[in-house]
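**Q** The structure that follows is given in the form of C-alpha cells.
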C-alpha cells in the first residue's frame, strides 16, 4: 500500500506525546484545584478515594481487612490512574474530532486508518490501550518503529492505524 505522506518518525511521536502529556497534566491539576476549592473539597476527595480504593477495610473485620490495611489500599496509585483515564479521554475525543491530539496536530501528525480515513473512537481507544503495552515492554513497541518500513509501532499495527506527517513545521528542519 502506498501512502501520500511520509510516516511519522519516532522523534515526531515523542515530542507530540510530551506536549500532550504536559497539557493533560495541567488539565488534571486544574480539575483537582477546582475540586479542592469547593466547600469541603478535601473531604469529598478523601471520601471518593476511600470509597473507590479501600471499601473492604472500612469494616476492619477479618483477614481481608487486615491485608488491605497492611498494604495501605491503592490510594498511592490514584493520581496515576486519574491521569491515565484523563489521557485516554483526551486522546479519544481529540482523535475523533480532529484526527489527532493537539500535540500531534501542532507537529503535523494525524491518525488515519490504512484506507486513509479518520479512525473511530473504539479503534483509537484500542490503540491507546495497546500503547501502554508498548511502553510496558521497555518501549520495545516504539523501538520497533525504527525497524518497520512504514515506521509503525506495535500498537499502530495491531489497531490498523498509521501516523502520517503532513508537511513542514515552521522553524524545525527534518532531514
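The values are calculated or read from the model by the stated rules, or taken from the named source; none is laboratory data. Just so you know, these numbers come straight off a predicted model, no measurement behind them. Ideal geometry is used to build each Cβ from the backbone, glycine not excepted, and the neighbour counts take in all protein chains shown.
**Q** With the condition kept exactly as written, say whether any residue in the range 143-166 is surrounded by fewer than 21 Cβ atoms within 10 Å (Cβ to Cβ), touching a helix residue (DSSP H, G or I) at 6+ places or on another chain (Cβ under 7 Å), free of Cβ contacts under 8 Å to residues at least 24 places away in the same chain and within 20 Å of residue 21 (Cα to Cα).
**A** Among the residues of the range 143-166, not one is surrounded by fewer than 21 Cβ atoms within 10 Å (Cβ to Cβ), touching a helix residue (DSSP H, G or I) at 6+ places or on another chain (Cβ under 7 Å), free of Cβ contacts under 8 Å to residues at least 24 places away in the same chain and within 20 Å of residue 21 (Cα to Cα), which makes the answer no.
**Q** Another question, then. Could you please let me know if residue 78 is under 30 Å from residue 20 (Cβ atoms) and at pLDDT below 90?
**A** Yes, satisfied.
**Q** List the number of the failed condition for residue 121; all other conditions in (1) farther than 13 Å from residue 17 by Cα; (2) surrounded by fewer than 16 Cβ atoms within 10 Å (Cβ to Cβ); (3) out of contact with any helix residue (DSSP H, G or I) (no Cβ under 6 Å at 6 or more places or on another chain) hold.
**A** All conditions are met except number (3).
**Q** With at negative phi, in contact with a strand residue (DSSP E or B) (Cβ under 6 Å, 6 or more places away or on another chain), modelled with pLDDT of 60 or more and exposed (fewer than 15 other Cβ atoms within 10 Å of the Cβ) as the only criterion, which of 33, 6 stands out?
**A** Exactly one of 33, 6 is at negative phi, in contact with a strand residue (DSSP E or B) (Cβ under 6 Å, 6 or more places away or on another chain), modelled with pLDDT of 60 or more and exposed (fewer than 15 other Cβ atoms within 10 Å of the Cβ), namely 6.
**Q** Looking only at the range 91-146, which residues are in contact with a strand residue (DSSP E or B) (Cβ under 7 Å, 6 or more places away or on another chain) and within 22 Å of residue 26 (Cβ to Cβ)?
**A** Answer for the range 91-146, where residues must be in contact with a strand residue (DSSP E or B) (Cβ under 7 Å, 6 or more places away or on another chain) and within 22 Å of residue 26 (Cβ to Cβ): 100, 107, 109.
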